[in-house]
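The values are calculated or read from the model by the stated rules, or taken from the named source; none is laboratory data. This one's a predicted model, so the numbers in the text were calculated from it and none came from an experiment. We place every Cβ from the backbone using ideal geometry, glycine too, and count neighbours over all the protein chains shown. For accessibility, only protein heavy atoms count, side chains too; no ligands or nucleic acids. Shrake-Rupley method; radii C 1.70, N 1.55, O 1.52, S 1.80 Å.
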Amino acid sequence: MSLNLRRDSCLIGRYVWEGLAEFSYEEKGRIYDALFGYAMNGVVPELTGVAKLVFSLVRPQIDANNDKY
(Lines give C-alpha, C1' and ligand atoms only; values in the text may rest on other atoms or scores of the structure.)
Protein backbone atom coordinates (compact mmCIF):
# COMPACT_ATOMS: atom_id res chain seq x y z
CA MET A 1 0.00 0.00 0.00
CA SER A 2 1.24 3.50 -0.82
CA LEU A 3 0.10 6.88 0.45
CA ASN A 4 1.17 8.78 -2.71
CA LEU A 5 3.78 10.67 -0.74
CA ARG A 6 7.21 11.74 -1.93
CA ARG A 7 9.75 13.41 0.34
CA ASP A 8 13.38 14.29 -0.26
CA SER A 9 14.30 13.88 3.39
CA CYS A 10 12.97 12.54 6.65
CA LEU A 11 13.74 12.58 10.34
CA ILE A 12 14.38 9.31 12.14
CA GLY A 13 15.22 9.72 15.83
CA ARG A 14 18.36 8.55 17.57
CA TYR A 15 16.17 6.24 19.66
CA VAL A 16 15.60 4.11 16.53
CA TRP A 17 19.31 3.80 15.77
CA GLU A 18 20.16 3.03 19.39
CA GLY A 19 17.22 0.65 19.76
CA LEU A 20 18.35 -1.41 16.77
CA ALA A 21 22.01 -1.59 17.81
CA GLU A 22 21.85 -5.25 18.85
CA PHE A 23 19.91 -6.43 15.80
CA SER A 24 21.63 -8.31 13.00
CA TYR A 25 22.54 -6.33 9.88
CA GLU A 26 19.93 -8.29 7.95
CA GLU A 27 17.15 -7.41 10.40
CA LYS A 28 18.30 -3.77 10.64
CA GLY A 29 18.30 -3.52 6.86
CA ARG A 30 14.76 -4.88 6.65
CA ILE A 31 13.57 -2.40 9.29
CA TYR A 32 15.46 0.60 7.87
CA ASP A 33 14.10 -0.14 4.37
CA ALA A 34 10.59 -0.26 5.79
CA LEU A 35 10.97 2.95 7.81
CA PHE A 36 12.60 4.97 5.04
CA GLY A 37 10.26 3.60 2.39
CA TYR A 38 7.32 4.71 4.49
CA ALA A 39 8.79 8.07 5.53
CA MET A 40 9.96 9.04 2.04
CA ASN A 41 7.35 7.49 -0.24
CA GLY A 42 4.42 6.50 1.96
CA VAL A 43 4.85 2.80 1.23
CA VAL A 44 3.32 0.73 4.01
CA PRO A 45 5.46 -2.42 4.21
CA GLU A 46 4.31 -5.97 4.76
CA LEU A 47 6.35 -7.14 7.71
CA THR A 48 6.22 -9.89 10.31
CA GLY A 49 7.68 -10.47 13.74
CA VAL A 50 10.05 -7.99 15.31
CA ALA A 51 10.28 -5.86 12.14
CA LYS A 52 6.50 -5.35 12.24
CA LEU A 53 6.65 -4.45 15.93
CA VAL A 54 9.42 -1.88 15.45
CA PHE A 55 7.65 -0.35 12.45
CA SER A 56 4.39 -0.03 14.38
CA LEU A 57 6.21 1.72 17.25
CA VAL A 58 8.06 4.21 15.01
CA ARG A 59 5.27 4.88 12.49
CA PRO A 60 3.37 7.39 14.69
CA GLN A 61 6.49 9.55 14.96
CA ILE A 62 7.04 9.43 11.19
CA ASP A 63 3.39 10.41 10.69
CA ALA A 64 3.73 13.33 13.12
CA ASN A 65 6.91 14.50 11.36
CA ASN A 66 5.24 14.28 7.95
CA ASP A 67 2.22 16.22 9.25
CA LYS A 68 4.59 19.03 10.30
CA TYR A 69 6.42 18.95 6.95
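First check a/c for the chain, with a ≥ b ≥ c the square roots of the eigenvalues of its C-alpha gyration tensor; if it is under 1.5, answer rounded, and if not, answer prolate when a/b is larger than b/c or oblate otherwise.
prolate
Amide H to amide H, which residues 5 or more places from V43 or on other chains are under 5 Å from it, using H placed in the peptide plane?
Those qualifying (amide H under 5 Å, at least 5 residues apart or on another chain) are L3, Y38.
Using only Cα atoms and rounding to the nearest 10 degrees, what angle (0 to 90) does helix 49-68 make with the longest principal axis of the chain?
30 degrees
Counting only heavy atoms of the protein chains, get the accessible area per residue of region 5-69 (1.4 Å probe) and round it to a whole Å² value.
About 68 Å² of surface per residue is accessible.
I'd like the accessible area for R59: 1.4 Å probe, protein heavy atoms, all chains in place, Å² to the nearest 10.
70 Å²
Tell me which GluC sites (Glu not before Pro) from region 1-65 have a DSSP coil assignment and no more than 11 other beta carbons within 10 Å of their own.
Listed in order of number, the matching sites are E22, E46.
Using Cα atoms only, what is the angle between the long axis of helix 25-41 and the major principal axis of the chain, expressed in degrees (0 to 90) to the nearest 10?
10 degrees
Whole-Hz Karplus ³J(HN,Hα) for region 9-20, in order, using 6.51 cos²θ - 1.76 cosθ + 1.60 and θ = phi - 60°, x for Gly and Pro?
Per residue, the Karplus-derived 3J(HN,Hα) values read 7, 8, 10, 10, x, 4, 4, 5, 4, 5, x, 9 Hz.
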